[in-house]
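Q: Quick one: structure below, then a few questions.
The values are calculated or read from the model by the stated rules, or taken from the named source; none is laboratory data. Keep in mind that this is a model prediction, so the values were computed, not measured. Counting neighbours? That spans all protein chains shown, and the Cβs are built from the backbone with ideal geometry, glycine included.
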Amino acid sequence: MPTVADQMVEALAIAGVRRIYGIVGDSLNGLTEALRRKGGIEWMHVRHEETAAFAAAGEAHATERLAVCAGSCGPGNLHLINGLFDAHRSRLPVVAIAAHIPSAEIGSGYFQETRPEELFRACSSYCELVSSPAQMPRAIASAIRRAVAERCVAVLVVPGDVFLQAAVAAPAPQPVSLNLPRPIVLPPEEALDQLATMLNDAERVTLLCGGGVVGAHREVVALAERLKAPIVHTLRGKEHIEWANPYDVGMTGLIGFASGYHAMGSCDALLMLGTDFPYRQFYPQDARIAQIDLRPEAIGRRAPVELGLVGDVKHTVGALLPKLNRGRREDHLRAALSHYQASRTALDRQATGKAGGRLHPQHVVDELSRQASGDAIFTADVGLPTVWSARHLAMNGQRRLIGSFWHGSMANAMPQAIGAQAAFPERQVISLSGDGGFTMLMGDLLTLKQLNLPVKVLIFNNGSLGFIELEQKSSGYLEFGTTLDNPDFAALARAVGIKGIHITDPAALEQGIAEALAHDGPVVIDAQVERMELAMPPRITAQMTKGFTAYMLKAVLNGRGDELVELAAANLLR
Ligand SMILES: Cc1ncc(C[n+]2csc(CCOP(=O)(O)OP(=O)(O)O)c2C)c(N)n1
């Protein structure tokens, strides 16, 4: 007699789910027993439920398919929450199974009682309590459909006793009824005509591309070609548009390139493509702005748009192209490209090191990017690892870059790498971890060993919560609470049976990374990098404060004066 849990597992298997990340518990026994009996869906035993949720998010990002995590009642599923916020805000299809206390005890203030339907409401689009067996067939199918089609988190809250009850008879769902194909969304012809007129009338068009340009590389580059428009990208746009793109002028935003900022500031028409880029101070003041996005709610909420078109970027741009005039002037594009060259050169100059000298994180990432395979998957921790990845990891259309780019949570990288590696055991998966981020969920280093996941964990051991230290100093505060008294993480890894490589000398970098990437198993690289590193945003007047000047002086005193002056000249003073 199949149980409610069996029925749930059956639907997940039909939807193509291959693994569930989580930690077992009494209230999850029905589910884990159903998984054990059925086989085919692997239980991914992690050490912290937050890791489970981040791993599901990592898998969903890397595969662009549904991924699943689970937590037992009360604290067990509560631990999922941060990773679920990340998945939801990154618009990743994740189903979370939150086991609940016995149904008869709900509302009695029982041991481990929480209100999961309320807790998870804010980080999901679908969050329902399954209180009777008759609900399960529809509830699990709805959760899967919502997660896949809306690209969101869906949560099913199931009391442990309900999992164990006999399932009601119901036809098994069909795969295409669960994995709904993505629709093609096109704006009406009239709106396309209006947009074409606006762009044809403009003299200096810039494109701002976000994660919504996924799958639209060819169309967007053709659009830039026709409009002679520089392409600026956001962090989430990087993996989809930066590569094989002669119109690329870098990223904008606080951690972006001066050239990205200027290409936005100097246009007379900005076309936003699949982006909800949140920092309003980076939008042009005087340009006309148009926006194409699949989500109506994203239109106009960051900058005042004159035209908003609801549509997917690929098909909307494809339909727009024939309406655009040819033979446009190239001055704006040329200026933006040469500015980009200058920015790029200044940044590349940071990515070097001398034997016996200090190890700079830019150098480490540059070398990693050079040596990593053509289809490597990189995950980057929030903090400076995201900055270095944005600037020094080269994408190519096969490589992936995963981060916590919307929710902005620390400790995302290694857990996301767990999910990406589980889904792609043959690909290189590399976690660029902060020493703060890594230690936050350090217990799951053991998961790499236990689940035999050959993730390469590169830890930027700068002895500091560096990004915050930088923010404190650049805002005129004294450094406070950022120092990390770290062990040698390579030795720590060796103690738990994982290969550890410690790098301090720039001369050892090339060999150290080669050795790590060649190793058939997990590796921890402890890169002892410079603490006082310069992660300069592009020119923002507000940042030219006294605090910032003091910070710059301190950098000079710490021996990076020459590079600072060059970088400042290239990035700040133009
Ligand atoms: C869970 C969480 N806590 C706090 C923060 C605030 N925060 C952002 S970056 C950062 C420092 C990250 O330090 P580390 O991982 O050592 O990387 P670094 O910047 O030093 O390279 C902190 C504390 C956050 N984003 N997420």
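Q: Any residue in segment 332-346 that's more than 17 Å from residue 391 (Cα to Cα): show its pairings with residues that are in a helix (DSSP H, G or I) and polar (S, T, N, Q) at Cβ separation under 7 Å, as long as the two are six or more apart or on different chains.
A: Listed pairs, sorted by first residue: 336/259.
Q: Kindly check whether there is at least one residue in segment 82-104 that is on the phi > 0 side of the Ramachandran plot, in contact with an Asp or Glu (Cβ under 9 Å, 6 or more places away or on another chain) and surrounded by fewer than 17 Cβ atoms within 10 Å (Cβ to Cβ).
A: So the first thing to find is which residues in segment 82-104 are on the phi > 0 side of the Ramachandran plot, and the list is 91.
Next, from what is left, pick out any that are in contact with an Asp or Glu (Cβ under 9 Å, 6 or more places away or on another chain): 91.
From what is left, the residues that are surrounded by fewer than 17 Cβ atoms within 10 Å (Cβ to Cβ) are none.
Looking for residues that are on the phi > 0 side of the Ramachandran plot, in contact with an Asp or Glu (Cβ under 9 Å, 6 or more places away or on another chain) and surrounded by fewer than 17 Cβ atoms within 10 Å (Cβ to Cβ), one finds none in segment 82-104, hence no.
Q: Being touching a residue at least 60 places away in the same chain (Cβ under 8 Å) and closer than 21 Å to residue 73 by Cβ: is that true of residue 140 here? Working first, answer last.
A: Values: touching a residue at least 60 places away in the same chain (Cβ under 8 Å): yes; closer than 21 Å to residue 73 by Cβ: yes.
For residue 140, the condition - touching a residue at least 60 places away in the same chain (Cβ under 8 Å) and closer than 21 Å to residue 73 by Cβ - is met.
Q: Specify which of the listed residues (408, 383, 419) is within 24 Å of residue 534 (Cβ to Cβ), crowded, with 24+ Cβ neighbours inside 10 Å and either at pLDDT 95 or above or not β-branched (Val, Ile, Thr) (or both).
A: Numbers: 408 fails: crowded, with 24+ Cβ neighbours inside 10 Å; 419 fails: within 24 Å of residue 534 (Cβ to Cβ).
Going through 408, 383, 419 in turn, just one is within 24 Å of residue 534 (Cβ to Cβ), crowded, with 24+ Cβ neighbours inside 10 Å and either at pLDDT 95 or above or not β-branched (Val, Ile, Thr) (or both): 383.
Q: Among the residues that make up segment 512-528, is at least one of them modelled with pLDDT of 95 or more, in contact with a His (Cβ under 6 Å, 6 or more places away or on another chain), closer than 30 Å to residue 421 by Cα and of a type outside the set (S, T, N, Q)?
A: The first filter runs over segment 512-528 and keeps only residues modelled with pLDDT of 95 or more, leaving 512-528.
Next cut, in contact with a His (Cβ under 6 Å, 6 or more places away or on another chain) only: 526.
Still in the list and also closer than 30 Å to residue 421 by Cα: 526.
Narrowing further to those that are of a type outside the set (S, T, N, Q): 526.
Yes, that holds for at least one residue.
Q: Restricting attention to segment 386-399, does a residue exist that is farther than 21 Å from residue 257 by Cα and either within 16 Å of the ligand (Cβ to nearest atom) or in contact with a Cys (Cβ under 8 Å, 6 or more places away or on another chain) (or both)?
A: No: segment 386-399 contains no residue that is farther than 21 Å from residue 257 by Cα and either within 16 Å of the ligand (Cβ to nearest atom) or in contact with a Cys (Cβ under 8 Å, 6 or more places away or on another chain) (or both).
Q: In addition: If you take just the helices (runs of 4 or more DSSP H) that sit entirely in segment 375-453, which of them hold at least 1 residues that are over 16 Å from residue 58 (Cβ atoms) and either in contact (Cβ under 8 Å) with a residue 24 or more places away in the chain or over 13 Å from the mean Cα position of the chain (by Cα) (or both)?
A: Details: elements: 384-392, 413-423, 435-440, 445-450.
Of the helices (runs of 4 or more DSSP H) lying wholly inside segment 375-453, those with at least 1 residues that are over 16 Å from residue 58 (Cβ atoms) and either in contact (Cβ under 8 Å) with a residue 24 or more places away in the chain or over 13 Å from the mean Cα position of the chain (by Cα) (or both) span 384-392, 435-440, 445-450.
Q: In addition: Taking residue 267 as meeting all but one of (1) closer than 28 Å to residue 384 by Cα; (2) part of a loop (DSSP other than H, G, I, E, B), write down the number of the exception.
A: Looking at each condition in turn, residue 267 falls short on (1).
Q: A further question on this structure: Residue 335 is checked against (1) of a type in the set (A, V, I, L, M); (2) more than 23 Å from residue 422 (Cβ to Cβ); (3) crowded, with 24+ Cβ neighbours inside 10 Å and fails just one. What number does that condition carry?
A: (3)
Q: Restricting attention to segment 211-238, and to residues there that are within 18 Å of the chain's Cα centre (by Cα) and assigned to a helix (DSSP H, G or I), which single residue is surrounded by the fewest Cβ atoms within 10 Å (Cβ to Cβ)?
A: If we take residues in segment 211-238 being within 18 Å of the chain's Cα centre (by Cα) and assigned to a helix (DSSP H, G or I), then 211 is surrounded by the fewest Cβ atoms within 10 Å (Cβ to Cβ).
Q: Moving to a separate point now. Only one of 49, 10, 59 is among the charged types (D, E, K, R), in contact with a Phe, Trp or Tyr (Cβ under 9 Å, 6 or more places away or on another chain) and away from the ligand (no atom under 16 Å from the Cβ); which? Working first, answer last.
A: Values: 49 fails: away from the ligand (no atom under 16 Å from the Cβ); 10 fails: in contact with a Phe, Trp or Tyr (Cβ under 9 Å, 6 or more places away or on another chain).
Going through 49, 10, 59 in turn, just one is among the charged types (D, E, K, R), in contact with a Phe, Trp or Tyr (Cβ under 9 Å, 6 or more places away or on another chain) and away from the ligand (no atom under 16 Å from the Cβ): 59.
Q: What's the number of the only condition in (1) at positive phi; (2) within 27 Å of the chain's Cα centre (by Cα) that residue 109 fails to meet?
A: (2)
Q: Among the helices (runs of 4 or more DSSP H) lying completely within segment 71-137, list those that include at least 3 residues that are closer than 18 Å to residue 51 by Cβ. Can you show your working first?
A: On the way: elements: 75-78, 81-89, 116-119.
In segment 71-137, the matching helices (runs of 4 or more DSSP H) lie at 75-78, 81-89.
Q: If you check 219, 239, 203, which single one turns out to be in contact (Cβ under 8 Å) with a residue 24 or more places away in the chain, among the acidic types (Asp, Glu) and in contact with a Gly (Cβ under 8 Å, 6 or more places away or on another chain)? Lay out the reasoning, then the answer.
A: Details: 239 fails: in contact with a Gly (Cβ under 8 Å, 6 or more places away or on another chain); 203 fails: in contact with a Gly (Cβ under 8 Å, 6 or more places away or on another chain).
Testing whether each residue is in contact (Cβ under 8 Å) with a residue 24 or more places away in the chain, among the acidic types (Asp, Glu) and in contact with a Gly (Cβ under 8 Å, 6 or more places away or on another chain) leaves just 219.
Q: While we're on this one: If I filter segment 275-286 for residues that are crowded, with 22+ Cβ neighbours inside 10 Å and in a loop (DSSP other than H, G, I, E, B), do I get at least one hit? Outline the logic, then answer.
A: Taking segment 275-286 first, the residues crowded, with 22+ Cβ neighbours inside 10 Å are 275, 277, 282.
Filter once more, keeping what is in a loop (DSSP other than H, G, I, E, B): 275, 277.
Scanning segment 275-286, I find at least one residue that is crowded, with 22+ Cβ neighbours inside 10 Å and in a loop (DSSP other than H, G, I, E, B), so the answer is yes.
Q: Inside segment 454-496, can you point out the residues that are outside any loop (DSSP other than H, G, I, E, B), out of contact with any Ser or Thr (no Cβ under 6 Å at 6 or more places or on another chain), within 14 Å of the ligand (Cβ to nearest atom) and closer than 26 Å to residue 421 by Cα?
A: If the condition is that a residue be outside any loop (DSSP other than H, G, I, E, B), out of contact with any Ser or Thr (no Cβ under 6 Å at 6 or more places or on another chain), within 14 Å of the ligand (Cβ to nearest atom) and closer than 26 Å to residue 421 by Cα, then 458, 460, 489 are the ones that fit.
Q: Same structure, new question: Mind listing just one residue for me: the one in segment 427-453 that is among the small types (Gly, Ala, Ser) and buried (at least 23 other Cβ atoms within 10 Å of the Cβ) and, of those, farthest from the ligand (Cβ to nearest atom)?
A: The residue in question is 431.
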